[in-house]
Structure formats: structure tokens, C-alpha cells
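Worksheet: one structure, shown below.
Rule-based calculations on the coordinates, nothing more; no lab input. Computed from a predicted structure; not experimentally measured. Using ideal geometry, Cβ is built from the backbone for each residue, glycine included, and neighbour counts are taken over all protein chains shown.
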Amino acid sequence: MRIFNWIGATVVALSLSFSAGAAQAHEHGGMKDIVDTAVEAGSFETLVAAVQAAGLVDTLKGEGPFTVFAPTDDAFAALPEGTVESLLLEENRDQLVAILTYHVVPGKVMSGDLSGEMMVATVEGSDVTIDATSGVMINGANVVSADIETSNGVIHVIDAVILPPQDM
């Protein structure tokens, strides 16, 4: 329970610190960056807290472009009990960074750019398998909402947390 209080406090702090990003959003035709878009959506509180704990906020607010396969709060909640809490500990930061960057592909990849089955390199360094033969899946996770454009890339919402090969 303590971890959820920490996550809630982190999201509030992030929301306050990201309100300054409104001026930047105006510069990009009203679009917000990946982090601000995730905060505003309200269904990525765990992801946003993890990004902050991993020290990746500035990166994902950077120029990009990035494609982020973003697990929902429900996706994180489906992990074995204690997993999220463990990953958020400072001593597990490297593992958290690896997992989060495994959800990011360099460049802006829209769903219309995908067809068939393909391997794509992630920022983490390993490949993910994208299957766009009927719907879109990434390493078995379903893309439940695609093509959420941001000022520095695109977000595709997925229904599961995907793990790099060494973390499986």
C-alpha cells in the first residue's frame, strides 16, 4: 500500500512540474510531449512513476522522435505481486531502465507503417517482435490504442508489460 501512496505523490509532483511544459506544447502546435501526454491521460500513473524513478523523464521529454509502447496501470497491476515495488527500489534502477527502454523504439512509427511480422530494435538494445497480421501485437502484448501523437513521437498503448530477454 505504501508504494501506491508513493506513486500517487510522485504523479502529483510530476503533474505540477510538467505544467510548465504547456508553453513548450504551444510551440509544437498545441501537442504535448510523451511524458506530459502520459500524465494527462491518467491511465499511466505507474509508468510515469517508473519513468521518474529510472531518471528517464528528461529523455522522454527530449527532442526524439520516440515510439513508446506504453503499458497501462492495469498492465503493471497484472505483474506478480511485489514486482513494481521491487523495480522502483534504487538498487534495481538498472533493471527498471532496461525494462522501460525496451518499450521505446527510436523514431516515430505509426500503426500504418507496420505490416506482417517484423523485428524492431529498441532503445534498450534488444529486438521486439511486432505482429501486425491481425491487429497489432508487440511481444504478445496487444496494442489497445494506437497512434497517440505527441510533439516528440507517438504512443501506442499496450495491455501488458514486456520484458527484455535477460529479464524473462
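Brief remarks on what is shown
- Relative packing of 46-58, 135-147, 81-93, which averages over residues the other C-beta atoms within 10 Å, highest first: 46-58, 135-147, 81-93
- Each label was represented as a point 7 Å from its Cα along the Cα-to-Cβ direction; for ASP131 and ASP113 these points are 2.3 nm apart.
- Contour minus Cα-Cα distance for ASP58 and GLN166 (0.36 nm per residue): 36.3 nm
- Sites ALA121 and ALA78, calculated FRET efficiency, Cβ-Cβ separation with R0 30 Å, nearest 0.05: 0.70
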